[in-house]
Amino acid sequence: MDEARPLWATPLQFVFACISYAVGLGNVWRFPYLCQMYGGGSFLVPYIIMLAVEGMPLLYLELAVGQRMRQGSIGAWRTISPYLSGVGVASVVVSFFLSMYYNVINAWAFWYLFHSFQDPLPWSVCPLNGNRTGYDEECEKASSTQYFWYRKTLNISPSIQESGAVQWEPALCLILAWLLVYLCILRGTESTGKVVYFTALLPYCVLMIYLVRGLTLHGATNGLAYMFTPKVEQLANPKAWINAATQIFFSLGLGFGSLIAFASYNEPSNDCQKHTVIVSIINSSTSIFASVVTFSIYGFKATFNYESCLNKVILLLTNSFDLEDGFLTVSNLEEVKSYLASAYPSKYSEVFPQIKNCSLESELETAVQGTGLAFIVYTEAIKNMEVSQLWSVLYFFMLLMLGIGSMLGNTAAILTPLTDSKVISSYLPKEAISGLVCLVNCAIGLVFTMEAGNYWFDIFNDYAATLSLLLIVLVETVAVCYLYGLRRFESDLKAMTGHALNWYWKAMWGGVSPLLIISLFVFYLSDYIITGTLQYQAWDASQGQLVTKDYPPYALAITGLLVASSTMCIPLGALGTFIVRHLKRGDTASVA
Amino acid sequence: MLWLLFVLVTAIHADLCQPDAENAFKVRLSLRTALGDKAYAWDTNEEYLFKAMVAFSMRRVPNREATEISHVLLCNVTQRVSFWFVVTDPSRNHTLPAVEVQSAIRMNRNRINNAFFLNDQTLEFLRIPSTLAPPTDPSVPIWIIIFGVVFCIVIVATMLLILSGIRQRRRSASLEFLQISGTRESLTSLGASCLTSCLHGAPTSNL
């Protein structure tokens, strides 16, 4: 049992690996959105409460299980109870789905990174139309950043049914992304342990630089004031609490088996309680830090757009009434408008429909999350900064580091059970297993580089992991507390680390956290059932904006299959073990 | 008599150059936007320069080499600064067709802009679209070059790691073999010494 298992060279590598895995793209593009939607500064209250009540206990549980069992997720849960082998398999299946679609984000980050070395940045100008008298029509209707994302990067089709062909440019970037991941996981903890120094620390350097730059941008304070003004009435909104719980849950990456895999390479005497607290606090602080940066950038972008809008109105009025150039300014705009309305009523009423009401609040309120935030909103802000190439390179390099860090955890979750299994590791060396996993994932991931690929990406992003993970972690917590026995686990931990288990952890594991997960699970199920047919946002090239469409039946079937294939592993695993035991007992009985 | 002729001529001219007249174009300048503090005042001298530039553009059109500055008429100058202009033929009775004027201005747009330190956005000819500069397209897109560099580095590093891993494994396998064969030798020599000592009845306590 105790052959030479590869270990982390220092406990610091383990902490960095966990931080690098937990601090991912969600901290940068999901938390600021949630903060904005659910009350700004007051969102921090449910967030911190959920961190203490749900995040830390569950993180400690996974790390402790991994460190105690010293195996990947399949082996660890099988050791706790043979009926739980399905839980480990479910974790591996979910990690497999995640790694399939997550690396596409790294491919897009590579694409933007390579395109940042041009002057002007390709997403800052629209391409010209056929006879060079104006700009491309789709680009005029949308904006140049949206055009570059939807047309040049994704080459998106109008609906999910029209799959189109595989786009070779994103496909090349995807292959490169997988090669890079393979390079990092090639030698197991030996190579991963060194890479995580970079993937954990570099994003913080870039965030610091961006913080300084962001705070000195014109209009940054507007964004910050808007975000941090607490809207206390949101505390009564149950959705705020549910989203806080969900964010903590997914941000820490619980249930994928990556944390168990990382912890299994620890020395048994490692103090994982201390590491739990460190990792979870660093993860949440990074979220808050990243949202300060994001909101100063938002404020800059909103102020820039607001001022452009005002300038357009000024130009319109100056041209229509032949006023002296430079006479109309932002400060006297309102008075002059009322003067013109009274002095030239007929002409003013002609021009009036074209005058847009410019409002800073409405610019700030356009809350965006996900790939839209990272690749459209941020690039729009970057193109207006000085030396935009430098800021662009820094930003996409940071996204790449965050993404690769999370991918290391995902692949570790898949590879550790595979390399632990004696059957597979006797036939193939570690490098070959890693290579095979990367190859299979890359081949399937090419689906996301097709013209309709982004729609499939959204399906995977929204449904592949959410429900299954809640179920997995619920079964994990209940299993450790009631199947394995909390007292037995407590004595195991005491023997292993030398510290007694604090009552707080016991209380959380035994009662509060499972109840919380059950309520989250019930909420999500009822939400899915109530909304009925699922819809998605499709890009309409003729209008230059997103439109809502219904999923076709086969897409719904695939979504259902995604969720079922991971959740069904748990009961099927238990059933399988039960049948095998029954048969064995039947055999021994017949022999006797 | 002369005075009557003058009035007649200006009247005819006034007829030819009017807002929305046939073959007339509106021009709009945004001096303060373009030049800020260095903006010059728009006076009759600037208007003369403008007429000169238009006449110059027309002279470069085949069959219109005889266009003079006096053939270009300006009217309705506002504070904006904006005005209308027409180009008349040598007889001064008819205006030149809009299509000719349009193509002439388009060809020489850059020189007209430069004469006034303005650009396409700040010196606007309404109804005359400007030809936009095409973006410079290098023969090999830049991103592919950078992609190629990063790709090669990653492949080389991967190959190095794999090869060194294989070499390490071979070395440790041969080391193990040496150890095992070494142990076997020492065991056989130990057995032989035991046999001789046993035969001679020597104590084996020092083993």
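Between beta-carbons, use under 11 Å as the cut-off and find the net charge around B:Arg59, counting Lys and Arg +1, Asp and Glu -1. Write out the running numbers ahead of the final one.
Numbers: positive: B:Arg60, B:Arg64; negative: B:Glu65, B:Glu68.
For residues surrounding B:Arg59, the net value is 0.
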Area of B:Thr78 that stays accessible when all protein chains are in place (1.4 Å probe, Å², to 10): 40 Å²
Lone cysteines, chain A (no partner Cβ under 4.7 Å): A:Cys18, A:Cys35, A:Cys173, A:Cys184, A:Cys205, A:Cys272, A:Cys438, A:Cys442, A:Cys481, A:Cys569
Within the accessible area of region A:328-394 (1.4 Å probe), percent carbon and sulfur: 54 percent
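Would you please calculate the Kirkwood hydrodynamic radius of region A:47-112 over all C-alpha pairs and express it in Å, rounded to one decimal? Provide the component values of the computation, followed by the final result.
On the way: mean 1/r = 0.0711 Å⁻¹.
After inverting the pairwise mean of 1/r, the radius is 14.1 Å.
With an 8 Å Cα cut-off and a minimum separation of 6 or more residues, compute the relative contact order for chain A in percent. All intermediate terms of the calculation are to be shown ahead of the outcome.
On the way: 825 pairs, mean separation 197.7, N = 592.
Value for chain A: 33 percent.
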CD proxy at 222 nm, helix term only [per DSSP H run n ≥ 4: -39500 (n - 2.57); per residue of chain A; nearest 500]: -21500 deg cm²/dmol
Mean separation of Cα contacts under 8 Å, 6 or more apart, over the residue count of region B:1-155: relative contact order %: 27 percent
Stokes-Einstein D in µm²/s, Kirkwood radius over Cα pairs - region A:1-59 at 10 °C with 1.306 mPa s viscosity: 112 µm²/s
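For region A:85-131, which semi-axes, largest first and in whole Å, follow from the square roots of 5 times the eigenvalues of its Cα gyration tensor? All intermediate terms of the calculation are to be shown ahead of the outcome.
Values: eigenvalues 339, 28, 6 Å².
Gyration-tensor ellipsoid for region A:85-131: 41, 12, 5 Å.
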Equivalent ellipsoid semi-axes - Cα gyration tensor, region A:390-519, angstrom: 35, 23, 18
Probe 1.4 Å - accessible area at B:Phe125, Å² to nearest ten: 10 Å²
Rg and Dmax [Cα atoms of region B:118-178; Å; Rg one decimal, Dmax integer]: 28.8, 91
Alpha-carbon spread of region A:207-253, three principal axes, descending order, Å: 36, 30, 8
Within-13-Å neighbourhood charge of B:Cys17 [Cβ basis; K, R +1; D, E -1]: -1
Cα Rg over Rh - region A:1-115, Kirkwood: 1.04
If the convex hull is drawn through the Cα atoms of region B:1-129, its volume per residue in Å³: 106 Å³
Stretchable slack from A:Ile281 to A:Val580, in nm (0.36 nm times residue separation minus alpha-carbon distance): 103.2 nm
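Give me the tail of P(r) for region A:209-303 as a percent: Cα-Cα pairs with distance above 15 Å. Walk me through the numbers before you get to the answer.
Working: 3228 of 4465 pairs.
More than 15 Å apart: 72 percent of the Cα pairs in region A:209-303.
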Kirkwood Rh, angstrom, region A:229-363 [1 / mean 1/r, Cα pairs]: 20.4 Å
Cα centroid separation - region B:47-69 against region A:131-148, whole Å: 35 Å
Percent of C-alpha pairs per 10 Å bin, region A:504-592, short to long: 12, 20, 25, 20, 14, 5, 2, 1
Heavy-atom accessible area ranking, 1.4 Å probe, most first, across A:Thr419, A:Thr294: A:Thr419, A:Thr294
Largest-first principal axis extents, alpha carbons of region A:289-400, Å: 58, 26, 20
Per-selection metrics, region B:60-115 (Cα): Rg and Dmax in Å: 12.2, 36
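If you build the Cα gyration tensor of region A:341-412 and take the root of 5 times each eigenvalue, what three semi-axes come out, in whole angstrom, biggest first?
Values: eigenvalues 397, 46, 12 Å².
Output for region A:341-412: semi-axes of 45, 15, 8 Å.
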Extent along principal axes [Cα atoms of the protein assembly as shown; Å; largest to smallest]: 158, 64, 48
Where only C-alpha atoms are counted, convex hull volume of region A:147-205 per residue in Å³: 130 Å³
Degrees, to the nearest 10: A:513-531 long Cα axis against longest axis of chain A: 50 degrees
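Over region A:31-138, what percent of the accessible surface lies on carbon and sulfur atoms, probe 1.4 Å? Could the numbers behind the result be given before it?
Details: 1780 of 2980 Å².
Reported share for carbon and sulfur atoms: 60 percent.
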Cα-based Rg of region B:80-168 normalised by 2.2 N^0.38 Å, two decimals: 2.38
Residue-level accessible surface for A:Met398, protein heavy atoms, 1.4 Å, Å²: 10 Å²
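The values are calculated or read from the model by the stated rules, or taken from the named source; none is laboratory data. Please read all numbers here as calculations on a predicted model, not as lab measurements. Cβ sites come from the backbone with ideal geometry, for glycine too, and all protein chains shown count toward neighbours. Areas reflect the complete protein model, heavy atoms only, side chains present, ligands, DNA and RNA absent. Shrake-Rupley method; radii C 1.70, N 1.55, O 1.52, S 1.80 Å.
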